[in-house]
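Accompanying notes for the structure given below.
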Amino acid sequence: LLTGVRPFASNDLMALVHCHIAKAAEPPDQVLSSISAPLSRIVMKLLAKNAEDRYQSALLLRVELKRCLDTTRGVAFAVNSTNPPDVSRYLNIPEKLLGRERELACLQAAFAEVQAGATRMVLISGSTGVGKTRLVKELHQPITAQRGNFAEGKFELLKRDVPYAAFIQVFRQLLSYLSMQTEISLSIWRRRILAAIEPNAGMIIDLIPEFVTVLGPQPLVPGLSPTETRNRFKVVIQSLIRAFTVSEHPLVIFLDDLQWADAASFDLLESLVGASASGHLLLVGAYRDNEMEQNHRLSSMVGAHSTSPLTLAQNIELKPLTAPDLTRLVGNTLGFSNEQAAPLAQLLHRRTGGNPLFVGQYLQLLDNEGVLAYDEHSGWNWDP
């Protein structure tokens, strides 16, 4: 609207996705000299990648736009003018991770090794709502910045007997990635995938019919005994994953709720981690350690005396948030100083044990019951 051009320009859809996730737009005043610097700063704040870095209320945005307008009219600011609080009148828990710096650094280090050509697996354990999925999602931006691919799948309790259920979700996401390619790029991917899975490409189309749009019609695969069919199927799926792992586009696969994974998926994980001719692949598995039976297969696979390749996996145990972390979270959510946030954070810690999911639910409860209240002049306040 202001410059006459879009923030990013490209005919490559993947390049546009990369720009919107990982690249800052050029400030409007550098595109068009007639745009004032204050107005340019407002636009750049609206375009911030992280939601908590944008305006939290339309009220403050309106005040700042009016100041820009007054400046162009030669109206002087009142020296003692104050801004309304930059917090939303709706209760929004910030997306920014707090108290997870060490765990995030471990994931980033593993991805750096994968970029260099390694295959790595990281296992994240913790109770329900502690933030395992949120931690992994924090990797999305650096992965995209390096032109890597991120795909995820989730195992479900009621589908424990369905082989490769989460991997099927992963493949469908990778298909969406292929659908954004140019025809030239798609033909390269088609040749790479067929070279990896022929003459068994028909098995993949039987499993995921949408693959026919990329691979084209494929001949039926001759039948074998049940045991041979299972072994061949595992090899084909493993080869398909390897077709997506290339140096220019490292692949990160996130598998959630591993405590409900089927036996075939565990076998595949062992094959992927233990394969000699591998690289550019990061496998991240999350599981609820409080919902695993004593003799669960995953426990035996990562145990001290196990011979499974999964013993090579790095383990991250995610704990609840500490009271200081909760103080920062409350302060960021409600616009409080640490001193203002501490009493409420201590209450939340006693009631929730520091579990991020329960903290969010409890804050919502306090809001619904009127214990938390919003005022457009003073922002949020609460009744101890």
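The values are calculated or read from the model by the stated rules, or taken from the named source; none is laboratory data. Worth saying up front: this structure is predicted, and the values here are computed from it rather than measured. Using ideal geometry, Cβ is built from the backbone for each residue, glycine included, and neighbour counts are taken over all protein chains shown. All accessible areas refer to the heavy atoms of the entire protein, side chains included, with ligands and DNA or RNA removed. Shrake-Rupley method; radii C 1.70, N 1.55, O 1.52, S 1.80 Å.
At a glance:
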item	result
(i) -0.32, -0.45, -0.79, -1.59; (ii) -0.33, -0.44, -0.70, -1.33; (iii) -0.39, -0.50, -0.69, -1.22, with the label sought being that of the calculated log10 I(q)/I(0) by the Debye sum over Cα atoms at q = 0.06, 0.07, 0.09, 0.15 Å⁻¹	(ii)
Most fluctuating residue given options 91, 65, 272, as computed from a GNM of the chain linking Cα atoms under 10 Å	65
Prolate/oblate/rounded label for region 1-95 (Cα gyration tensor, a/c 1.5)	oblate
Efficiency of FRET between residue 175 and residue 293 - r from beta-carbon atoms, R0 35 angstrom, step 0.05	0.50
Neighbour net charge for residue 205 - beta-carbon separation under 14 angstrom, K R +1, D E -1	-1
Cα gyration tensor, region 125-193 - rounded (a/c under 1.5), prolate or oblate	oblate
Cβ-defined net charge surrounding residue 285, 10 Å radius [Lys, Arg +1; Asp, Glu -1]	-1
In Å², nearest 10: area of residue 121 left accessible to a 1.4 Å probe	10 Å²
Candidates 368, 92, 332: whichever shows maximal mean-square fluctuation once the chain is modelled as a Gaussian network with Cα springs under 10 Å	368
Spatial separation of Cα centroids for region 336-384 and region 8-44, in angstrom	36 Å
In degrees, nearest ten, helix 183-197 long axis to first principal axis of the chain (Cα)	40 degrees
Solvent-accessible heavy-atom area per residue, rounded to whole Å², over the chain at 1.4 Å	53 Å²
Karplus-derived HN-Hα couplings along region 318-334 (A = 6.51, B = -1.76, C = 1.60, θ = phi - 60°), whole Hz, x at Gly and Pro	8, 9, x, 5, 7, 4, x, 5, 5, 4, 5, 5, 5, x, 5, 6, 9
Solvent-accessible area, 1.4 Å probe, carbon plus sulfur percent, for region 242-365	49 percent
Cα-based helix-to-principal-axis angle, 13-22 vs the chain, degrees rounded to 10	50 degrees
Solvent-accessible ranking of 21, 93, largest area first, probe 1.4 Å	93, 21
Degrees separating the helix 58-72 axis from the principal Cα axis of the chain, which is the longest one	60 degrees
Charge tally in the Cβ shell below 12 Å around residue 373, where Lys, Arg are +1 and Asp, Glu are -1, residue 373 excluded	-4
Listed residues 4, 259, 243: farthest to the positive end of the dipole of the chain (Cβ charges)	4
Highest-fluctuation residue, 63, 273, 122 considered, GNM on the chain with Cα pairs under 10 Å	63
For region 290-326 and region 206-284, distance of Cα centres in Å	24 Å
Label-to-label distance, nm, for residues given as residue 92 and residue 367 (7 Å Cα→Cβ offset)	1.1 nm
